[in-house]
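Presented below is the structure to which this report refers.
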Amino acid sequence: MKEIIFIENHKNFNGARLGVRLARVLGENGRTVILAGRKGKLAATDGVETITFAPSAKASTLAAAFKKIQPNRVIALASVPACEAAAQLKVPFVYVEPENFKEEKAIKNKKDILKKAKKVVVIGEGEKPLDKKHYGANAVRVKNPALAIAHNVWEKPACFKKQNNIVAVGPLSKEGGMDELLKIWADLAGKHPTWHLTVYGDGSRKLVLRNFITRHHLQDSVEFVSTDTALAPLLRAADIYVHPAKTALQLEDLVDAMASKLPVLAANLPEVADYITHDVNGLLAPVADEQSWGAALDKLMVDWGKRVGLAVEAEKMKNRLAFEVFACVFED
């Protein structure tokens, strides 16, 4: 059976990691899987064939390429054009998106297209029944699989080693929260001269943030790492993970950090609170409340026992969000 997984990356949903992991699981189960996506958004993946399209490619262009491949099924991760292309070819397709997801630009015929889906997979944990008028009669809800959650097997996690490393992950934008985090760091760095902060991310405010670091003489304690670099080794060398985003961004990285047995500090958002119970498996702080963030980060830096206790509970996320449960939805 030959399948195409078309990955679409939106501002509030990154389908790449989910698609790559799903491709590998389906491949292990005997499927021939091809990953497809937009140029610049789909990285080469070992062991999985990939094809890319121009960012502006429409359904007709996708359909022409799909016709050459002759897939038995198309799985579209938040990509309505990929669904439309499959429908044009009369190829069965499955559509996947997070619950309450909204595209940056509304798609007028989305409901009509999804009515033709073999299945619509809604990622969420809502208590109310799914809105079948919105998603279609073939919609099912599955728990968030934590996307590409890393089942890291490390003999001794970094948080036990007292290496004094903090990793902060998020876009270098106003909503990413790095401006406020660096202001907090400017106050804490002198108090904790042996600690180091790694900022993992890219964005339009990178130069602004670098200038802030220079003005406050933080060059020796702060390092920027681009998202072109793998995150896993940074998590391995970290004692604390900080997720300062003011909105629900890059939650897959947050959950990976928890699964990697790291104590985490994040904004108290409803989406984040789905994963973190304050003072049990992580710490939550009010959005943009620099005083609360500073106190929480200082607490983690000085209290090794607290870090370890939170990390042990955080690791249980691996069992809660087993990816195999999600993958089974596609095995009919």
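No lab work stands behind these numbers, since they all come straight from the coordinates. As the structure is a prediction and not an experimental result, all values here were calculated from the model. Heads up, the Cβs are rebuilt from the backbone with ideal geometry, glycines too, and the neighbour counts pull from every protein chain shown.
Listing for the model above:
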{"item": "Positions within the range 52-64 being touching a Phe, Trp or Tyr at 6+ places or on another chain (Cβ under 7 Å) and among the aliphatic types (A, V, I, L, M), in sequence order", "result": "Leu62"}
{"item": "Scan of the range 59-87 for residues that are in a loop (DSSP other than H, G, I, E, B) and either within 26 Å of the chain's Cα centre (by Cα) or surrounded by fewer than 19 Cβ atoms within 10 Å (Cβ to Cβ) (or both), ordered by number", "result": "Gln70, Asn72, Ala78, Ser79"}
{"item": "Residues of the range 207-246 satisfying the condition of being hydroxyl-bearing (Ser, Thr, Tyr) and surrounded by fewer than 16 Cβ atoms within 10 Å (Cβ to Cβ)", "result": "Thr214, Ser226, Thr227, Thr229"}
{"item": "Positions within the range 9-58 being within 27 Å of Ser173 (Cα to Cα) and in a helix (DSSP H, G or I), in sequence order", "result": "Ala16, Arg17, Leu18, Gly19, Val20"}
{"item": "Where Val120 falls short, out of the listed (1) under 22 Å from Ala137 (Cβ atoms); (2) in a loop (DSSP other than H, G, I, E, B); (3) among the hydrophobic types (A, V, I, L, M, F, W, C); (4) without any contact (Cβ under 8 Å) to a residue 40 or more places away in the chain", "result": "(2)"}
